[in-house]
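One structure is given below, represented as structure tokens, and several questions about it will come after.
The values are calculated or read from the model by the stated rules, or taken from the named source; none is laboratory data. The structure displayed is predicted, hence computed values, not measured ones. Methodologically, a virtual Cβ is constructed for each residue, glycine included, from the backbone with ideal geometry; neighbour enumeration extends over all protein chains shown.
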Amino acid sequence: MAGKDVCDGDSSSISVPALMCSDCETEEQVGLFCQECQLNFCEQCRNHHLKRKKTKSHNVVPVRQALYRTLSRNRHMCLVHSGVTADCWCETCNSFICSKCIPSHKKHNWSTIDDYMVRGKKNIRAKIDAFRSTLMKYRTAMNDDVRCSEYVMQCTSHLREDVCNQASIICQEVNKMKEDLLNEITIFQNKETSKHTKNETKMIAEMTALNGLITKADQELKCCDSAPSVAALLQKLRSDEGTFECPENNRSQPPVLTRPKLVDRSKLVSLFGQLEFPSTDKHEKVVYEVKAKYLKTNTYRKILAICVQEDGNIWVSIDGNRFLMLIDEYLETIKKSCDTEFNVVSMALYKNTDIVFTRFMNSCVQRLMGNGDRMVTVADLYPYYAKGVCVNSENRVLVCAVSNSKMPPYKIFKMTARGQILMDISPGDDVRENLHSPYRLTSVDTGEIFIVDTAADDHRVVCIDKQKDRYLTWAWRGEGIGSVDPLGIACDKHACYVTDAQHNKIYVLPKKCNTAAVLLDESSRETGPRCITVDRKGIIWVGCNNGIILKIER
């Protein structure tokens, strides 16, 4: 704001021209000037000016100390008071006003033009910044959608290839079975044709002989005129009676093709092929005695993640929901969490109240606070996608993450609840056996980390044990129990528990042994156990693909 000091020099040598008060329009005792309004006042009008609510904080000085602003080139004249400059702006009326209009606008929202311009530009800049922030969110969302779309396209391409390969194998097996059946039918048909031809030739010969016998017997019967001749002919016919067999004795019944009413899924699965692991008598299948309750929720969708609070209430993530459901042990809904923006795929309890979780195709680790009402970001692991998450006994957050880029394919992070990374494990570290694609993980009080590794054609559970800062690993691939496809994982101080949705089983994996036992085998119910957690009381909670929650007490 440009200004000019009118008392530049010795004030005693300056002759101040007569001034007019802007309010009462008198020229007597006018010696005061308002710096904000750029108006002259007498003593009485100055007091009224400073008593007004909107002008009481203005700076009123003697005219000799006044700083006059440079007049704007676009001067506006008051439309009500002719010849008076409109120095103020009424936001209520959206028009220019002068100092004489102020009493009629005292209840309106008005200010000087300069003040309004400063505030207006500040508000416009804030709006622009808000729009710019929204634009960045759009760009981030679009980039995430592009990455998600690329991932989906890649997965669907692999799925199409697998389906075509499997269909080709099935077609080959079906064609082979068809050829075998047709060959058997042809062999039977040839045998029956040969047998029919032979029987037909024999019957024609016997029919010819029988016809001759009948003709001859008719002729001899006409010549029989005595009892001895009749007796002789009758004796002859009796002797020839056993020569001819009944044709019905040579008939054979055709075979019948028995067709099943329903498709045998086990036979179809066998056509696709399945990796079987050998078992010995030493490691026989063991079924634990458990008490399981099947709790049916009000949905048939997949339960992606489950977490039990200290008070017994359960946070549940359901496929397709952008929020978590808090339910009690009787499956009554208590509340919904805030919007999580994506499906929650893994979560763990943090300090008995909060929840840390990861979301589908997202690089961030989130934290749910305020009983589910507020969500904050713990860490952004980009370019890695955060998969499984757990919290160890030291309240450290463990996260397994994978990447589709040329960077290391995976990392396992150990961090604080504020996102400070304390340690990470990646390929090339001092390990006996590298991981391929970590999916879920859990930790025990003694420091071991159990990881579900979804390596191609070799899903397994790997245990990483920290001993003197060196990591040793061993893998469990289902020895002693046949084929496995591990998915969810949890643990307590005794063992590790693994879900297998494909085979509808839950396994117990002792920490010091690589031979697992079957905890629950309910193949007939087709529950599809997916996610699993263990609460502080040792009760195992399992979320299934069909909306069922299993409560297992050992």
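Which one of Ala305, Ala348, Ala379 is part of a strand (DSSP E or B) and under 13 Å from the mean Cα position of the chain (by Cα)?
After applying the criteria, what remains is Ala305.
Also, quick follow-up: If Arg125 passes every condition in (1) outside any strand (DSSP E or B); (2) in contact with a strand residue (DSSP E or B) (Cβ under 7 Å, 6 or more places away or on another chain) but one, which one does it miss?
(2)
Scan region 300-334 residue by residue and report those that are in contact (Cβ under 8 Å) with a residue 12 or more places away in the chain and of a type in the set (Val, Ile, Thr).
Ile303, Ile306, Val308, Ile314, Val316, Ile318, Ile327, Ile334
Considering only region 110-121, how many residues are surrounded by fewer than 14 Cβ atoms within 10 Å (Cβ to Cβ) and either among the hydrophobic types (A, V, I, L, M, F, W, C) or assigned by TED's automatic domain parsing to the domain that holds Lys56 (or both)?
Result for region 110-121: 2.
A further question follows. Of all residues in region 364-407, how many are crowded, with 16+ Cβ neighbours inside 10 Å and in contact with a Pro (Cβ under 8 Å, 6 or more places away or on another chain)?
The total comes to 6.
Could you please find all residues in region 323-335 being under 17 Å from Ala348 (Cα atoms) and assigned to a strand (DSSP E or B)?
Matches in region 323-335: Met325, Leu326, Ile327.
Based on this model, can you work out whether Thr92 counts as in contact with a helix residue (DSSP H, G or I) (Cβ under 6 Å, 6 or more places away or on another chain), closer than 28 Å to Gly120 by Cβ and at pLDDT 80 or above?
no
Next up: Which pairs have Cβ atoms under 9 Å, sit 6 or more apart or on different chains, and link a residue in region 408-425 that is over 17 Å from Asp453 (Cα atoms) and not assigned by TED's automatic domain parsing to the domain that holds Thr377 to one that is surrounded by fewer than 13 Cβ atoms within 10 Å (Cβ to Cβ) and of a type in the set (D, E, K, R)?
Short answer, once both residue conditions are applied: none.
Here's another thing I want to ask about it. Can you name the condition, by its number, that Leu368 falls short on among (1) under 20 Å from Lys411 (Cβ atoms); (2) in a strand (DSSP E or B)?
Just one mismatch for Leu368, condition (1).
Now for a different question. Which number in (1) of a type in the set (Lys, Arg); (2) in a strand (DSSP E or B); (3) at pLDDT below 90 marks the one condition that Arg432 misses?
(2)
For region 112-119, state whether one or more residues are modelled with pLDDT of 90 or more and either within 30 Å of His49 (Cβ to Cβ) or of a type in the set (D, E, K, R) (or both).
No, region 112-119 contains no residue that is modelled with pLDDT of 90 or more and either within 30 Å of His49 (Cβ to Cβ) or of a type in the set (D, E, K, R) (or both).
So, one more: Pairs please, first residue from region 521-537 and part of a helix (DSSP H, G or I), second anywhere and surrounded by 18 or more Cβ atoms within 10 Å (Cβ to Cβ) and at pLDDT 65 or above, Cβ atoms under 6 Å, 6+ apart in sequence or on different chains.
The qualifying pairs are Ser523/Asn504.
For Ala292, only one of the following conditions fails: (1) under 26 Å from Cys544 (Cα atoms); (2) modelled with pLDDT of 80 or more. What is its number?
Looking at each condition in turn, Ala292 falls short on (2).
Pick from region 54-68 the residues that are touching a residue at least 12 places away in the same chain (Cβ under 8 Å) and part of a loop (DSSP other than H, G, I, E, B): which of them is surrounded by the fewest Cβ atoms within 10 Å (Cβ to Cβ)?
Asn59
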